[in-house]
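What follows is a set of notes on a single structure, which appears directly below.
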Amino acid sequence: MRTIALAALLLFSPAAGAGTSSGDDDPRLAAARGEIRDLLVAGLGARALAALDPLLAAHPDEPGLHALHGEALFALERHAEAVTAFERASALDPSLRGKLFNHGRALQELGRHEGAIAVFEAMRREPEAARRAQGAFGLGLSRQALGEEAAAAEAFREALLLDPGSQRARYRLALIDIAQGRDGEAESALVIVLAEDPLHHGAAYNRALALGRLGREAESEAAWARYRQVLAGKQRISLIEERLTGTAEDLDRLVELGRVHAELGAHAAAIGWFQRAGTISPLDPRPAIGSVASLRALGRAADAERLCTLLLARDPPLEELRAPLIELLEARGAAAEAERWRRPVPPPAPAPPQAPRS
């Protein structure tokens, strides 16, 4: 989930080089920034950092590069250095203040909550609701760390009001409910969190706990079994992710990551891993078959059908998708269309003979 969270934060982070920097006009620098963002989203912080070093040496006054430097350092848990990088970015471009969520998070990791609160309060003054929601959530984390439970709950509720899809805020509120004995409210909230993020082991653990305290023993036992399954699956995922290299050698690892996520019910994440595998080897059927299965599990049968049709129309066609497409067509009652796809594919026509050159 760290990769997914970082992807969301980078989408809301400012365009690298925003403000007065001359780097905005350099297409090569813009392309390099995009590549570094891709590395960060892929969880390759060390590679992103290595790519940033020569760019920072060549463009020391580029605020966006310093912001990305902070993101890379934060991803590697080098929090003190990350703070320095974020502060450098904000000094070069004051408009970045209130836009760098992980600046506040790095300060929190260092126990510097007053500084973090200042960052998150600035975010709460931003015009975009999504950024204000991030600020409220970060503020809640610091208030909670300082033992100010009522203020923390108020901040988390603000984040959820601004962004009803903020499962992080919902989860934190559920923890406060459990601490205060409101197990029914907590359990209902945790069901929503787990529907959005099936691999949230904290939510799985606390739901099992809340169910036990509510006397719902059978459900609690099932929830504890699910928690153990999630924990084992996440350990497996971490082991595979540590072996990723960012090269074609990752094909089998990416397919395995998709498979493990799918087995745990995290189908949206599974599709992301299968897509990455498919870019490495478009002719390998495993990523496409995995994507189709996960799309169907998510109730996105139309998208699964479109993917099958697209890849069967490709040259060469991915014939392994013919059977899944027929199943999809039959499931929606398109028997005639399914029958057409059952017909054997005619061999390609031979190329006409070429006239000899004179």
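FYI, it's all coordinate maths here, none of it is from the lab. Predicted, not measured: the structure shown is a model, and the values here were computed from it. With ideal geometry, Cβ positions are generated from the backbone for all residues, glycine too; neighbour counts draw on all protein chains shown.
Using the Cα gyration tensor of the range 257-342, with a ≥ b ≥ c the square roots of its eigenvalues, what is the shape: rounded (a/c below 1.5), prolate (a/b larger than b/c) or oblate (neither)? Since a/c reaches 1.5 but b/c is at least a/b, the shape of the range 257-342 is classed as oblate.
When log10 I(q)/I(0) by the Debye sum over Cα atoms at q = 0.09, 0.12, 0.13, 0.14 Å⁻¹ is calculated for this entry, the matching label among [x] -0.71, -0.97, -1.05, -1.13; [y] -0.54, -0.94, -1.07, -1.20; [z] -0.65, -1.03, -1.15, -1.24 is [z].
For the chain, the dipole from Cβ point charges (+1 on Lys and Arg, -1 on Asp and Glu) about the Cα centre works out to 540 debye, to the nearest 20.
Fully extending the segment from Ala30 to Glu219 would add 62.8 nm, taking 0.36 nm per residue of separation and subtracting the current Cα-Cα distance.
Which of Ala67, Ala155, Ala323 moves the most in a Gaussian network model of the chain with Cα springs under 10 Å? So, out of Ala67, Ala155, Ala323, the one fluctuating most is Ala323.
Selection among Leu76, Leu251, Ala152 by position relative to the dipole of the chain gives Leu251 as farthest towards the positive end (Cβ unit charges, Cα centre). Positive end of the dipole of the chain, charges at C-beta (+1 Lys, Arg; -1 Asp, Glu), about the Cα centre: which of Pro317, Leu231, Leu161 has its Cα farthest in that direction? Most positive-ward Cα: Pro317. Most mobile of Ala46, Ala336, Ala186 per a Gaussian network model of the chain (Cα springs, under 10 Å)? So, out of Ala46, Ala336, Ala186, the one fluctuating most is Ala336. What number comes out for the charge environment of Glu128, summing +1 per Lys or Arg and -1 per Asp or Glu over other residues with Cβ under 14 Å away? Here the count lands on +3.
Between Ile280, Met123, Tyr205, the Cα set farthest toward the positive side of the dipole of the chain (charges on each charged residue's Cβ, about the Cα centre) is that of Ile280. Derived scalar couplings between HN and Hα for the range 229-235 equal 5, 4, 4, 5, x, 5, 5 Hz in order, rounded to whole Hz, by the Karplus curve 6.51 cos²θ - 1.76 cosθ + 1.60 (θ = phi - 60°), x for Gly and Pro. In the chain, the calculated helix contribution to ellipticity at 222 nm averages -22500 deg cm²/dmol per residue, counting -39,500 (n - 2.57) for every DSSP H run with n ≥ 4.
Helix 285-297 and the longest principal axis of the Cα set of the chain meet at an angle near 60°.
Each listed q (0.13, 0.16 Å⁻¹) maps to a log10 I(q)/I(0) for the range 165-242 from the Debye sum over equal C-alpha point scatterers, namely -0.38, -0.55.
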